[in-house]
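The values are calculated or read from the model by the stated rules, or taken from the named source; none is laboratory data. These numbers were taken from a predicted model, which means no experiment stands behind them. As a convention, Cβ positions derive from the backbone with ideal geometry for all residues, glycine included, and neighbour counts pool all protein chains shown. When the accessible area is computed, the model is the full protein with side chains, heavy atoms only, and any ligands, DNA or RNA have been set aside. Shrake-Rupley method; radii C 1.70, N 1.55, O 1.52, S 1.80 Å.
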Amino acid sequence: MKLATLKNGARDGKLAVVSRDLTLYTDASFLAPTLQAALDDWQRIAPHLTALAEGLELSAVPAERFHEHKAHAPLPRAYQWADGSAYVNHVELVRKARGAEMPENFWSDPLMYQGGSDSFLGPRDPIRLADEAWGIDMEGEVAVIVDDVPMGATPDEACAAIRLVMLANDVSLRNLIPAELAKGFGFFQSKPSTAFSPVAVTPDELGEAWDGGKVHLPLLVELNGKPFGRADAGIDMTFDFPRLIAHAAKSRPLGAGSIVGSGTVSNKLDTGPGKPVAEGGAGYSCIAEVRTIETIRDGKPSTPFMRFGDRVRIEMKDNAGRSIFGAIDQMVEKYERG
């Protein structure tokens, strides 16, 4: 099934079930007022939500038109947002561009940071920032929402706790990152609010594209209306979601509603970095990656970071060309404090 949170004037919105083709929704708030409330009581609530989803497909329940721009992030705020860097190819490229050796254990021990989870952006909300000089970048990712995960959970236990899958734009301020990392204590200012897709889906909605730990479909990224990336999320993912979740739960339990991200989706080309979409490659899910390749190749980057007025779109389609999660479609705007 597909779940969304609709904007209704309340901070956490209201829960809705969305049709598979993303055209209709039915109010589910009588079962659970919010998605977090449903996750807190998933074993009891999920069967009722599933029945409501089936009724929506059969036109057996009241339905209204679903508009993606009226959706919050599926969880407008969460108890935890832990973002991994599962595509180690991406990490290797970024470090190589700045002349840094990559420790061997990066291939065996996941990288992860704890992001701000109190102010997520809706899929069509603008990215409002005060200064272009901060180096505004998008990061196209896949993310999962989990049920309660006990401390010390195994990857198999972590896999069983995955409840929903969605897309993310984990916005990064690249020019603020070096100073934060130099302190040995980051990220914070360099990671503003993250946006998520209009709907979150249960893994069964992905069919054969979901293998229990990865989504084997291209992540489609457009920048100002032009194809920028189509990297396959199932390729070159060094650490799958069960491994990332188990990593996060090594020394603490994870509460229901915790979100775990994949990090920037990235593909290699043979044994080297990828090529732009315009040159027949899989492209990139963030600007930093193409800039690292330009730096390695030319000695300096030539692709600029995003500026005010730029637009990024992130989406994933099934093998029939149908949007699965809806689209993250955001304009970068200058923040003016009211």
Checklist outcome for this item: Long-range amide H partners of residue 175, meaning residues 5 or more apart or on another chain whose placed amide H is closer than 5 Å, are 135
Checklist outcome for this item: Here, residue 79 and residue 114, labelled 7 Å along Cα→Cβ, have an inter-label distance in nm of 1.4
Next on the checklist: Only Cα pairs within less than 10 Å get springs; with that Gaussian network setup on the chain, which residue of 269, 164, 217 has the largest fluctuation?
Outcome noted: 269
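Using DSSP to define loop residues, name the GluC sites (Glu not before Pro) in segment 145-239 whose beta-carbon has at most 15 other beta-carbon atoms within 10 Å.
none
Taking 41 Å as R0, compute the FRET efficiency from the Cβ-Cβ separation of residue 131 and residue 157 and round it to 0.05.
Details: r = 44 Å, r/R0 = 1.07.
In this case the efficiency is close to 0.40.
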Checklist outcome for this item: In the structure shown, of 70/317; 70/275; 268/317, the pairs separated by more than 32 angstrom at the C-alpha atoms are 70/275
Checklist entry - Of all DSSP beta bridges located in the chain, what percent are antiparallel, nearest 5? => result 90
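Quick one: divide the alpha-carbon radius of gyration of segment 268-316 by 2.2 N^0.38 Å and tell me what you get. Before the final figure, lay out each step's value.
Working: Rg = 11.9 Å, N = 49, 2.2 N^0.38 = 9.7 Å.
Taking the Cα Rg and dividing by 2.2 N^0.38 Å, one obtains 1.23.
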Item to check | Gyration tensor verdict on segment 174-297 (Cα atoms; rounded if a/c is under 1.5, prolate if a/b is larger than b/c, oblate otherwise) | outcome: oblate
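If each DSSP helix of 4+ residues adds -39,500 (n - 2.57) and the sum is divided by the residues in the chain, what number results at 222 nm, nearest 500 deg cm²/dmol? Can you show the working numbers first?
Values: 7 runs with 64 residues, N = 338.
Value at 222 nm, helices only: -5500 deg cm²/dmol.
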Checklist outcome for this item: Of 134, 210, 81, ordered by accessible area with the largest first and a 1.4 Å probe, the sequence is 134, 210, 81
Item to check | At q = 0.10, 0.11 Å⁻¹, base-10 log of I(q)/I(0) for the chain (Debye sum, equal scatterers on each alpha carbon) | outcome: -0.55, -0.68
Item to check | For residue 335, solvent-accessible area (1.4 Å; no DNA, RNA or ligand), Å² | outcome: 110
Item to check | Angle in degrees between helix 42-57 and the longest Cα principal axis of the chain, rounded to the nearest 10 | outcome: 80
Checklist outcome for this item: Gyration tensor on Cα atoms of segment 1-125, a ≥ b ≥ c root eigenvalues, a/c under 1.5 rounded, else prolate if a/b beats b/c, else oblate, says prolate
Item to check | trypsin sites (Lys or Arg not before Pro) restricted to DSSP loop in segment 170-225 with at most 13 other C-beta within 10 Å | outcome: 183
Checklist outcome for this item: Highest GNM mean-square fluctuation among 14, 70, 300, for the chain with Cα springs under 10 Å, belongs to 300
Checklist entry - How much accessible area per residue does segment 158-298 have, in Å², with a 1.4 Å probe? => result 39
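Nearest 20 debye, what's the magnitude of the dipole of the chain about its Cα centre given +1 on Lys and Arg Cβ and -1 on Asp and Glu Cβ? Please list the in-between numbers first.
Numbers: 36 positive and 46 negative charges, 175 e Å.
Roughly 840 debye, rounded to the nearest 20.
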Next on the checklist: Suppose each label sits 7 Å from its Cα in the direction of the beta carbon; what would the residue 300-residue 204 distance come out to in nanometres?
Outcome noted: 5.7
Checklist entry - How far is helix 88-97 tilted, in degrees, relative to the longest principal axis of the Cα atoms in the chain, given as a value from 0 to 90 rounded to the nearest 10? => result 30
Item to check | Note, ³J(HN,Hα) from phi for segment 136-143, Karplus 6.51, -1.76, 1.60, rounded to Hz, x at Gly and Pro | outcome: 6, 9, 8, 9, x, 9, 10, 9
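What ranking of 252, 291 comes out by heavy-atom accessible area, probe 1.4 Å, highest first?
Details: 252 100, 291 55 Å².
These residues rank, largest area first, as 252, 291.
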Checklist outcome for this item: Ranking 286, 159 from most to least accessible area with a 1.4 Å probe gives 159, 286
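Rounded, prolate or oblate: which one fits segment 1-75, using the alpha carbon gyration tensor with axes a ≥ b ≥ c (rounded when a/c is under 1.5, else prolate when a/b beats b/c, else oblate)?
Working: a/c = 1.90, a/b = 1.05, b/c = 1.81.
In terms of gyration-tensor shape, oblate.
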Item to check | Stretchable slack from residue 11 to residue 232, in nm (0.36 nm times residue separation minus alpha-carbon distance) | outcome: 76.1 nm
